[in-house]
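One structure is given here, and the rest of the page talks about it.
The values are calculated or read from the model by the stated rules, or taken from the named source; none is laboratory data. This structure is a prediction, so every number in the text was calculated from the model and none was measured. In this analysis, Cβ positions are derived from the backbone assuming ideal geometry, glycine residues included, and neighbour counts consider all displayed protein chains. The protein model used for the area step is the full one, side chains on, heavy atoms only, and it has no ligands, DNA or RNA in it. Shrake-Rupley method; radii C 1.70, N 1.55, O 1.52, S 1.80 Å.
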Amino acid sequence: MSFEVKLGDRNAEVRLLYKENNRIGVSVDGHIYDLDILMVEEGVYSVLYGQKSYNVELIRNSSAKKYTVN
């Protein structure tokens, strides 16, 4: 599965490589990331990558299938 994602002023190709429980593999413009993702509440996710933890909030825009990531 592949998506085009706007990152700042450029578009990136994001591909879902695998999904097993909370772990996913994604490719962003050919760079592969192994992530551990958990939804902590509606639209808010905890993402572990390497030794770092990130909180990600998806905010739905007025158009379907468009989100702002905070």
Seminar exercise, completed: Over the chain, with neighbouring protein chains present, the accessible area per residue in Å² at probe 1.4 Å is 84 Å²
Seminar exercise, completed: Rounded to a whole %, the carbon-and-sulfur portion of the accessible area of the chain at a 1.4 Å probe is 50 percent
Problem set entry | Amide N proximity, region 1-29 versus ASN61 label position 7 Å along Cα-to-Cβ, cut-off under 17 Å | 3-14
